[in-house]
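Student: Take a look at the following structure, please.
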Amino acid sequence: MKKWNLIRSFAVLLIFSLALTACGSAGSNTNKSAGSGTTEQNSSATTETTADNTSEAKPPVELLNVSYDPTRELYVSFNEAFAAYWKNKTGQDVTIKQSHGGSGKQSLSVIGGLKADVVTLALGYDIDAIADKGLLNADWQTKFDLNSSPYTSTIVFLVRKGNPKGIKDWGDLVKPGVQVITPNPKTSGGARWNYLAAWGYAQKQDNNDEAKTLDFIKKLFKNVPVLDSGARGATTTFTERGIGDVLLAWENEAFLSQKELGDKFEIVYPSVSILAEPPVAVVDKVVDQKGTREVAEAYLEYLYTEEGQTIAAENFYRPTLQSVADKFKDQFKQLDLLTIDKDFGGWAEAQKKHFADGGTFDQIYQPGS
Amino acid sequence: MKGSRAKSVLPGFGLSMGITVFYLCVMVLIPLSCVFLKTAELSWSEFWQTVTNPRVVASFRISFVTSFIAAFINLFFGLIIAWVLVRYRFPGKKIVDALVDLPFALPTAVAGVALTTIYAPNGWIGKLMEPLGFKIAFTPLGITIALMFIGLPFIIRTVQPVLQDMEQETEEAAVMLGAYRWRTFRKVVLPELVPALLTGFALAFARGVGEYGSVVFISGNMPMKTEIAPLLIMSQLEQFEYGKATAIALVMLVISFLMLLVINMVQWRVNRRVAAS
């Protein structure tokens, strides 16, 4: 009966959808639509550190530090210290907000429009991705000392009290009957460090015979019963759910678990591991827009000072400043450490070879293998 | 027609329809069309390679099969719960009624963590099942349970109002005419409920296919075994492969749409039969 009306509304629908898709194809928009249904999982939370609000010449300023999961405790203490230092030096109040989540997810948020003044992520690769979108210069890693990595970490084994399976080195992880817990390298930055550390060990053992190395990794992942999507999830699986005999973990996460859960776990240092360098960077586009460059740069530089380094060490990150490293040398065992640049040709190379589609990690789960 | 138009609360058909169309465009059509647009970045062969990758295919199978089973199981239990809630009076009924909505309101990640805690090998239920040889968490069974949790309210809430409106006199008449209880249920009650059950099934099924938050915790995420399609989409995004991520999303969208279409067609059939009888 209302044929004419129907046709008219259909025409309206067509015009609207055409017009709006044309302008709706910008990056941030699509980003959200593709990730729909996943937002509940995003565990990023925002906390604040506020300095006293006494009025001074300079107006108070606010920074957003977008970081990854295991640095939560570190930055709570560091932000407080920096706010006090900055107030003392310039008389300006600074409030630092922190956001935490999986490193890759955090990087996606910044690309999607989260106004981060500084990013402190788990991998250089995740910051490279932000640089690719033009938010900061491609040479960001040269802006601060030591590859822009003020503190480092490494990958260690966490085992149950008494080490019932007698795990001492990577070679023990491929034995039948040993269950290994690690997050999925496809979704977790920390897991990529795990994977490369294991790869590096096997490569040394096998004198660079790649087929043998891949075989070792395949055997290792045959022993993985659960692949969590992030580092904290894997820690929970191991410590709370009681699954697995050994957890491949960031050294700082292993120390934290030990601190929180007492004497139920032991840390085992393998003969070889990897030097994990979580880098930091100022997001140029955002600080220039907000006029926060000066304080953002000072914030990251402060990570390299005696006080910043001490806070990092107290939160179980390896300090890079010699004087602080000496003070904590009992806490951090000296290890034979591979580096991403020397042993794997940098992140872009490692990513392509191991974690991209069809890379060595995918080959592990190829049917029939 | 004229009379009804004069009485209508909303402004005339033209304007209401305009608003409807506009809202649907902004909320549904445009976001979804972006999936198509992003996917168009890929060439045909890239697209085909992405979606026929054995891991991706396995994840589709897991997502759709577990959702289907979960919705199917809920069909029975949802009906029983709805029946109890409508037909009986008992103390605490209001509370039970409110509990039904809890899976709607709860953040799915909370559900996932809670279910994993219970069904993990050292959890309350997991501990009891382990000696019997049943592993629940980190298997497809765990995924199914998470999806049953998520989907249950859909079926109860679609069946409940229909049951409420049903006239008990019809059933009484059937009994008076000599029909046994089962026969009454099958011939009188069930046919009227089928459309609502199908709707509930379709909603629960569709919800399950897209579910991410509650499943990632309980599934264990093992490639080829318990990896769900939404997780693969996430993992593509983490590698900044927007095109490949949306390609997987696109295939899910198309399959879901086709399945909903089939369910809807069955429903039309049933509706017509019910109306005719």
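The values are calculated or read from the model by the stated rules, or taken from the named source; none is laboratory data. What you see is a predicted model, and the numbers here were worked out from it, not measured in a lab. FYI the Cβ positions are ideal-geometry reconstructions off the backbone, even for glycines, and counts take in every protein chain you see. Note: accessible area is taken over every heavy atom of the protein model, side chains too, but ligands, DNA and RNA are not part of it. Shrake-Rupley method; radii C 1.70, N 1.55, O 1.52, S 1.80 Å.
Student: Going by what's in this entry, would B:L193 be described as assigned to a helix (DSSP H, G or I), open to solvent by less than 10 Å² (accessible area, probe 1.4 Å) and more than 21 Å from B:I233 (Cα to Cα)?
Tutor: yes
Student: Name the single residue, out of those in the range A:73-116 being within 17 Å of the chain's Cα centre (by Cα) and of a type in the set (D, E, K, R), that is surrounded by the fewest Cβ atoms within 10 Å (Cβ to Cβ).
Tutor: A:E73
Student: I'd like the full set of residues that are part of a loop (DSSP other than H, G, I, E, B) and under 15 Å from A:V118 (Cβ atoms), limited to the range A:266-299.
Tutor: Of everything in the range A:266-299, those that are part of a loop (DSSP other than H, G, I, E, B) and under 15 Å from A:V118 (Cβ atoms) turn out to be A:P278, A:P279, A:V283, A:G291, A:T292.
Student: Is one or more of the residues making up the range A:84-106 at pLDDT 90 or above and either in contact with a Cys (Cβ under 6 Å, 6 or more places away or on another chain) or among the aromatic types (F, W, Y) (or both)?
Tutor: Yes, there is a match, as at least one residue in the range A:84-106 is at pLDDT 90 or above and either in contact with a Cys (Cβ under 6 Å, 6 or more places away or on another chain) or among the aromatic types (F, W, Y) (or both).
Student: Out of everything in the range B:111-136 that is within 9 Å of chain A (Cβ to nearest Cβ) and of a type in the set (A, V, I, L, M, F, W, C), what residue ends up being farthest from A:P225 (Cα to Cα)?
Tutor: Applying the filter and picking the extreme gives B:V113.
Student: Test of understanding: among A:A197, A:A191, A:A122, A:A131, which residue is assigned to a loop (DSSP other than H, G, I, E, B) and closer than 30 Å to A:V282 by Cβ?
Tutor: Criteria check complete, one pass: A:A122.
Student: Which one is farthest from the other protein chains (Cβ to nearest Cβ) among residues in the range B:99-110 that are assigned to a helix (DSSP H, G or I) and open to solvent by 60 Å² or more (accessible area, probe 1.4 Å)?
Tutor: Among those residues, the one meeting the criterion is B:L99.
Student: Filter the range B:218-230 down to the residues that are within 7 Å of another protein chain (Cβ to nearest Cβ) and buried (at least 24 other Cβ atoms within 10 Å of the Cβ), then identify the one that is nearest to B:V266 (Cα to Cα).
Tutor: Checked the range B:218-230; the qualifying residue nearest to B:V266 (Cα to Cα) is B:P230.
Student: Let me ask something additional. Do we have A:L300 as outside the structural domain of A:V178 (by the TED database) and in contact (Cβ under 8 Å) with a residue 12 or more places away in the chain here?
Tutor: Taking the combined requirement at face value, the residue satisfies it.
Student: Run down A:V174, A:V110, A:V119, A:V178 and say which single residue is of a type outside the set (D, E, K, R) and within 14 Å of chain B (Cβ to nearest Cβ).
Tutor: Of A:V174, A:V110, A:V119, A:V178, the one residue that is of a type outside the set (D, E, K, R) and within 14 Å of chain B (Cβ to nearest Cβ) is A:V110.
Student: If you don't mind, there's one more thing I want to ask. Answer yes if at least one residue in the range A:273-289 is open to solvent by 20 Å² or more (accessible area, probe 1.4 Å) and either within 14 Å of chain B (Cβ to nearest Cβ) or closer than 21 Å to A:A191 by Cβ (or both), and no otherwise.
Tutor: Yes - at least one qualifying residue is present in the range A:273-289.
Student: I would also like to ask the following. Within the range B:252-272, does at least one residue satisfy the condition of being β-branched (V, I, T), open to solvent by 30 Å² or more (accessible area, probe 1.4 Å) and touching a residue at least 12 places away in the same chain (Cβ under 8 Å)?
Tutor: Yes.
Student: Working only within the range A:243-261, note down all residues that are open to solvent by less than 20 Å² (accessible area, probe 1.4 Å), part of a helix (DSSP H, G or I), within 17 Å of A:S273 (Cβ to Cβ) and not aliphatic (A, V, I, L, M).
Tutor: A:E251, A:N252, A:E253
Student: Does the range B:53-75 include one or more residues that are open to solvent by 20 Å² or more (accessible area, probe 1.4 Å), within 14 Å of another protein chain (Cβ to nearest Cβ) and either among the acidic types (D, E) or touching a strand residue (DSSP E or B) at 6+ places or on another chain (Cβ under 9 Å) (or both)?
Tutor: No, the conditions are met nowhere in the range B:53-75.
Student: Just the residues that are more than 8 Å from chain A (Cβ to nearest Cβ), crowded, with 18+ Cβ neighbours inside 10 Å and over 24 Å from the mean Cα position of the chain (by Cα), please, taken from the range B:30-52.
Tutor: Once the filter is applied, which keeps residues that are more than 8 Å from chain A (Cβ to nearest Cβ), crowded, with 18+ Cβ neighbours inside 10 Å and over 24 Å from the mean Cα position of the chain (by Cα), the range B:30-52 yields B:T39, B:L42, B:F47.
Student: B:G151 fails exactly one of the following numbered conditions: (1) more than 14 Å from every other protein chain (Cβ to nearest Cβ); (2) open to solvent by 20 Å² or more (accessible area, probe 1.4 Å). What is the number of that condition?
Tutor: (2)
Student: Follow-up. Would you check which residues across the range B:231-255 are of a type in the set (G, A, S) and at the interface with chain A (Cβ under 9 Å from one of its Cβ atoms) and list them?
Tutor: Selection gives B:S235, B:A245, B:A249.
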